Every structure is written in structure tokens, then in C-alpha cells.
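J.: Structure provided below as C-alpha cells; questions to follow.
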Amino acid sequence: MVGVAGRSKACHTCKQRKIRCGGEKPTCLKCAKSGRSCAGYQKSHAFILSQYATTSHTESMKHTLQPFQDDGSAPVLLARWRRDRAPKARSQAPISTEEVAPRRQKLHSRPCFPVSISSRNSFRDQFLALFLHEQCPPTIINPTQPGSHRNWLFSLASAASLSPALEHALLALTTARLGQQGENVALVHQSLPLYTRGLRELQRAIDNPVSQCDMQTIAACMVLGMYEFDKCPGRTTDGYMSHYHGAMLLLQLRGAEQHVEGLSHGVFQMLRMHAAFQGLRQRRATFLAQPDWIEKPWAGKPKNSNDLLLDLFLQVPDVIAKMDRSFSLPCSQDVFGSGLDVLQQCFALDKELDDWFSSYQAANAGYLYWPKLSTRDSVTDSTELGKLFPVSLHFPTYTVGETMILYWTVRVLLHTHICFLHRRLSIIESETVHNSEEEQITLEPPETGRVPNESGNIQRSSPNPPLAPLGHQEDWLQAPARSICQSVEYFLDEKLRSLGPGTILPPLLVVGACLSRSGVARDREAAWIAEVIQLIKTIGPSLAEFV
């Protein structure tokens with residue numbers, strides 16, 4: 001055959017069979033005669049991200065020739081290699097070791113990816129590596145730390161193969177995030193067709209009984225949900241909730257014992273975090289709070305601090321659901337008794353939370369957080385009252401900060417509902433005592449269960465013990481809720497990139513909801529929280545605008 005030496009013109013099927021190909025198009029005769037499917041002649045292209053890239057549409061694209069910076073702020077550019085046509089003068093003298101050392105230092109000063117790039121698909125791998133560097137910077141998130149609910153993203157980079165649904169979902173997510181980071185509108189728009197293709201591939205995987213329960217199908221649901229959280233193309237939360245419910249159903253279909261290690265355990269941990277907050281929104285516990293799902297996915301392995309904290313968090317929606325059922329009936333002794341049982345359950349959960357914090361504090365050497373003077377201005381500041389939160393809390397690592405924010409969120413939820421439940425039970429108790437004082441009966445032959453008092457009257461004995469006063473639970477607004485608000489400045493720091501706003505938004509929504517339900521007049525605090533939430537809607541994920 002006529003062609004360039006060393007470059008075969010055969011179809012891919014004949015190349016794999018290592019036989020001579022006739023080169024007929026669209027299918028060769030060798031494949032047709034043997035009954036095989038001809039793979040065609042299309043060459044596979046590898047797109048390389050380089051600081052020496054160029055394009056023919058230089059005027060229509062901004063920042064085309066900017067190299068990648070150390071802070072990862074330079075745009076992503078897809079183009080061909082630029083060939084320098086000017087002849088280079090060859091140096092006669094050999095390069096010394098002194099000249100080589102600075103070059104090596106310059107290479108090592110570029111951003112380091114948390115995983116190595118393989119050769120199976122350069123385009124997808126490099127996009128995923130850049131996304132992980134932006135979403136989970138190695139200086140903030142340690143990919144080797146066990147038990148993190150983000151480790152499953154790093155395991156995708158080392159997977160031997162990806163399903164079509166997961167591959168297109170990852171391409172959609174990484175393209176949108178990198179295009180937004182580099183202010184490349186064309187790249188962001190390209191993510192939508194990839195997302196649509198990912199939806200079609202996901203539907204095919206779900207319709208197929210073989211791939212329906214595959215772990216990569218659930219992972220594709222999660223990645224598409226992350227795209228909805230990040231871009232929200234439908235301008236509503238329906239898409240995100242659909243992916244969340246779909247992933248939960250597929251997870252339940254697989255069973256608790258199928259999520260012990262690897263990608264399955266990582267996706268399971270991520271869904272646990274989502275289910276904890278979604279349970280609050282739906283005001284009922286999910287199946288992940290059941291004993292099988294609390295114990296079996298670890299299969300005898302020890303749990304870390306975050307796992308134990310999430311176990312407690314997953315029980316809170318069940319307490320809220322029981323409280324709602326208790327107060328859906330008119331006030332009576334039966335309601336008082338059931339409400340008292342829920343209150344005791346809240347106290348027991350609060351005691352477990354105290355024990356968890358003591359063990360977490362003992363396991364971490366040094367301070368978990370410390371105060372600094374706040375540099376953030378707010379519309380709630382005034383010359384008479386000063387700043388509402390004059391200090392901000394800072395943490396030794398992002399992981400510690402995320403754990404403490406989750407701990408304070410559970411505290412706020414428990415203490416708010418304990419105060420609300422105690423107030424309602426106090427009203428029922430006072431009404432019961434008032435009614436029993438009016439129902440005094442003149443002395444008659446004693447009946448069973450009635451004993452005459454000193455005045456000769458018989459009173460009904462209360463079937464429930466008296467209500468004990470509250471303690472530190474009444475200070476929820478001054479302790480855990482205030483700590484969450486004081487942590488906002490740390491999580492809105494630019495070094496945390498997109499991690500910070502997404503982490504602090506759900507706890508702030510919880511504090512705002514508890515504040516509005518408490519009945520306490522805190523207009524200044526409510527205005528401050530509303531201002532921060534509005535700021536997160538502008539700089540954070542697009543879904544925050546519609547929450």
C-alpha cells in the first residue's frame with residue numbers, strides 16, 4: 001500500500017487480527033467475508049493541555065496564549081501543538097548541570113495532580129485530573145486519608161474502565177467546572193450536550209438488568225447530580241433531587257453488604273452525607289439510619305470520627321418525625337407521655353454527642369479551632385452596636401473544620417427541638433394541673449386509684465413524672481449556632497475554592513430555619529444569615545440560588 005512508512009492504513013479490526021487489509025471503505029472485504037464487524041479507519045485523537053498551544057481563532061478567544069499558573073487560575077485551552085517555524089540556533093557548548101537544575105525546579109513548581117495520568121484516554125484523564133486539582137486541592141484534601149466521603153472521586157481516576165454513562169457524566173462535570181474556572185464560555189456550553197448524552201446512557205444502563213445494579217451506574221447518578229448542583233441547567237432543584245432519589249433506590253436495591261470497600265463504599269459514604277441533610281428537608285429518616293446500613297458496610301472494620309458523627313446525624317430526622325406525630329393530636333395526657341418519650345430520646349442522643357466530642361477532642365492534638373478578628377464587613381454592622389460577629393473561627397485543616405461544622409449543626413438541631421418540645425410539654429403539663437385542681441370531688445367511699453387529701457377531697461394522680469428544667473440546651477443560639485456563623489469567613493476564603501461555599505451553605509440554612517421556628521426575636525442575626533446566603537448564591541454553586 002502507498003503511504004507513510006510505519007503508519008498502517010488498515011482498519012482497526014484487521015490491525016487487531018494482524019492481517020493485511022484491503023482498505024475498502026466504509027468496510028473492508030476481509031471483515032465482510034469473515035462475518036466480523038469492521039471497526040473502521042478513524043484515527044483516535046489525544047488532546048493535550050499545554051502552555052504552548054495555539055488556535056486559528058485567536059481573536060475570538062480570550063487568554064489563548066496564557067500558560068497555566070501555580071494557583072490554577074489560568075484558563076483551559078484545547079488546541080493543536082504550535083510549531084515554531086523560526087530556525088533555532090544550536091548551542092555549541094554542552095548544557096551544564098547548573099543550567100539544568102533551574103529547569104527542573106520550574107517543572108516541579110507547576111500544579112501537582114493527586115493522581116497520575118494514564119494513557120488509556122488522555123483527554124478524559126487530564127480533564128478529570130484538572131477537575132480533582134480544582135475541586136479537591138491536594139493541599140486541602142488528602143486523597144490517601146481513609147474514610148473521607150470524597151475518596152470515591154479519586155478512585156474513578158484509577159479505574160480500569162468506565163461505563164458510557166459514567167464517562168459522559170464525568171466529561172460534562174469536568175468540562176463545566178474547568179470552563180467556569182477559565183472563563184471559557186464555549187467550554188461551559190459544551191458541557192450541556194455531554195450532560196444530555198450522560199442522561200441517555202444512564203437510562204440505558206438502568207433499563208439493562210445486568211448494568212442496573214452496577215456500582216458505576218450509581219456513581220453516574222452521583223456525578224450527574226453534582227452537575228445539577230454546580231450548573232443547575234433547568235433552573236430548579238428537580239433535576240438534583242431526581243438524581244439523588246435514583247441513586248438512593250439503586251443503593252437500596254444492591255443491599256448493605258455490597259458496599260464494604262472500593263468505589264461502592266466511597267459512593268455509599270457520599271450518599272450518607274446527602275441523606276442526612278435530605279432527611280431534615282423531608283422530616284423523616286431514610287433507610288440509611290437502619291441498623292443493617294449502620295453496621296454492615298464496615299464489615300467489622302473500625303469507624304472513624306466522621307462515620308460515628310454521621311451515625312448520630314442520621315437519627316435526628318427520626319426524632320423530628322416522632323415529634324411531629326406527637327403534636328399532630330390535641331393536647332392530652334397521651335400526647336404528654338409520647339412527647340416525654342421523644343424528649344428522653346433527644347437527651348440520650350445529646351449525651352452520645354457529648355461523648356463523641358470528648359473522644360474527637362482527645363484524638364486530635366492541639367486546638368480544634370481558634371478565634372481571629374473578623375475582617376468581613378456586613379450590612380448589619382453599626383457604629384452603636386459594632387459587628388454582630390467581631391471574631392471569626394479558624395481551623396488547623398479543612399477536614400477538622402468540616403467535621404466541627406457538622407457537629408455544631410447536629411447540636412443546633414437537637415437543642416432547638418429539645419427547647420421547642422420542652423415548651424410544648426410545659427404548656428400541656430400546666431393545663432393538666434389546672435384541670436385536675438378544678439375536678440375535686442367531695443369525700444365519698446374511696447375508689448381504687450384515688451386517695452383523699454387533708455381537706456377531704458380526692459384528686460387524680462398524674463400518670464407522668466414532672467417535667468425537669470432544661471440546662472445548657474437553652475443556649476443553642478449563643479453556642480453552636482454562633483460558632484457556625486463565625487466559621488463563615490474561613491469557608492469563604494478563596495483558597496478553599498468551590499469546597500467552602502458548598503460546605504457552609506447547608507448548616508447556614510439549618511440555623512436560619514431553626515431561628516425562624518424558635519419564636520425568638522433575632523432580626524439582626526436573621527438579616528446577617530440572609531446576607532451570607534445571598535453572597536453564596538452569587539459565588540457558589542448555581543443550585544444555591546433555587547434552594
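The values are calculated or read from the model by the stated rules, or taken from the named source; none is laboratory data. Worth saying up front: this structure is predicted, and the values here are computed from it rather than measured. Methodologically, a virtual Cβ is constructed for each residue, glycine included, from the backbone with ideal geometry; neighbour enumeration extends over all protein chains shown. Each accessible area value is taken on the protein alone, full model and side chains, heavy atoms only, with ligands, DNA and RNA left out. Shrake-Rupley method; radii C 1.70, N 1.55, O 1.52, S 1.80 Å.
J.: Using only Cα atoms, locate the centre of region 357-377 and the centre of region 156-173, then give the distance between them in Å, rounded to an integer.
T.: A separation of 38 Å, based on Cα centres.
J.: Once both labels are modelled 7 Å past Cα along the beta-carbon direction, what's the residue 355-residue 253 spacing in nm?
T.: 3.9
J.: Let me ask something additional. If you take the beta carbon distance between residue 534 and residue 34 as r and set R0 to 56 Å, what does 1/(1 + (r/R0)^6) give as a FRET efficiency, to the nearest 0.05?
T.: It comes out at approximately 0.25.
J.: Near residue 18, which lysines are there with a Cα under 22 Å away, not counting those fewer than 8 places off in the same chain?
T.: 9, 30, 33, 43
J.: Next question. Can you order the peptides 305-312, 161-168 by their average number of other Cβ atoms within 10 Å per residue, highest first?
T.: My ranking of the peptides, most packed first, is 161-168, 305-312.
J.: Then there is this: Shape call for region 235-371 from the C-alpha gyration tensor, a ≥ b ≥ c root eigenvalues: rounded (a/c under 1.5), prolate (a/b greater than b/c) or oblate?
T.: Oblate, since a/c reaches 1.5 and b/c is not below a/b.
J.: Also, I was wondering about something else. Go through 191-199, 170-178, 279-287, 358-366 and give me the packing order, highest mean Cβ count within 10 Å leading.
T.: Per-residue Cβ counts within 10 Å, averaged per peptide and sorted highest first, yield 170-178, 191-199, 279-287, 358-366.
J.: Could I ask something else about it? Taking H placed 1.01 Å from N in the peptide plane, check which residues at least 5 places from residue 394 or on another chain put their amide H under 5 Å from its amide H.
T.: Placed amide hydrogens put 370, 372 under 5 Å from residue 394.
J.: Label region 127-263 by shape, choosing from rounded, prolate and oblate, from the square roots a ≥ b ≥ c of the eigenvalues of the Cα gyration tensor; if a/c is under 1.5 it is rounded, and otherwise prolate applies when a/b is larger than b/c, oblate when it is not.
T.: The shape class here is oblate.
J.: Per residue, how much accessible area does region 162-254 show when a 1.4 Å probe rolls over the protein heavy atoms, in square angstrom?
T.: 42
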